[in-house]
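Working notes, beginning with the structure itself.
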Amino acid sequence: MYDGLLVKFDTNGKWVWDESFGGTELDFFLDVTQTNDGGYAAVGNASSSNSGEILDINNGAGDGILVKFTHLSPPQIISQPTDQTVIDMQTVNFTATASGTPMPTVQWQKSTDKGITWYDIIGETSTTLSFTATLNDNGNQYRAVFTNSIGSVISDVATLQVNKKTTSVVTVSSNNSDWGIVSGGGEYSIGKIVKVTATANNGFIFVELQ
């Protein structure tokens, strides 16, 4: 007559899957919770006899039921890694997440030839890849591979840009309240001063991206 129905939606309200349980009579669920292994446990009431998925034995009209099931699903990307720009010797973070049942594992990969070949980064098996970037890492690409017993999925590719860090010492001697310093070379370049610190000899140390 009526079955207990479990329906899962994603964070955007989109249907993901549904499962129904019951026999020839009135069967329904009252509550459901996710288990530690990625499955679900539901409690409710069943009036069906031996003809349904839920019960092998019926103890009378209207029995309390507890149903444990696992709905297996392949990994699906939830959040993608994005391109990052840092200064030489600065920490960089790439993050990716995915869902699936069983919960998928993750392995970060790296390419140094614009994505032609990829290799696993040893020990990088968490959702966030974090390391200190150097100029040798400039242009490298990174991606995450999520895997469970049902399948696997590969994230988008994120590219790392590492800018050179230059430090200059400028001593200023001026009677004016306003002054300026221009830093650059003999050719056209784009510079950006990102940090300045006063020194003991009335000068300044600044960090500039070039």
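With viscosity set to 1.002 mPa s and temperature to 20 °C, compute the Stokes-Einstein D of the range 74-163, Rh being the Kirkwood radius across alpha carbon pairs; µm²/s, no decimals.
162 µm²/s
Rank the residues Y119, Y40 as a footprinting-exposure proxy: fewest other Cβ atoms within 10 Å of their Cβ go first.
In order of increasing Cβ crowding within 10 Å: Y119, Y40.
As a footprinting exposure proxy, order K14, K110, K164 by other Cβ within 10 Å, with the fewest listed first.
Taking fewest neighbouring Cβ atoms as first place, the list is K14, K164, K110.
Please report how far the C-alpha centroid of the range 8-33 lies from that of the range 95-161, rounded to the nearest whole angstrom.
Cα centroid of the range 8-33 versus Cα centroid of the range 95-161: 34 Å apart.
Note down the nm distance, to one decimal, between modelled labels 7 Å out along Cα→Cβ at T35 and at K114.
Roughly 5.1 nm, to one decimal.
Taking a threshold of 28 Å on the Cα-Cα distance, which of the pairs K114/K165; K8/K110; K14/K110; K110/K164; K14/K68 fall above it?
Flagged as over cut-off: K8/K110; K14/K110.
Which FRET efficiency value, to the nearest 0.05, is calculated for K14 and L135 with the Förster distance at 35 angstrom and r the Cβ-Cβ distance?
Once rounded, the FRET efficiency stands at 0.20.
Rule-based calculations on the coordinates, nothing more; no lab input. Just so you know, these numbers come straight off a predicted model, no measurement behind them. Note that we place each Cβ from the backbone using ideal geometry, even for glycine, and neighbour counts take in every protein chain shown.
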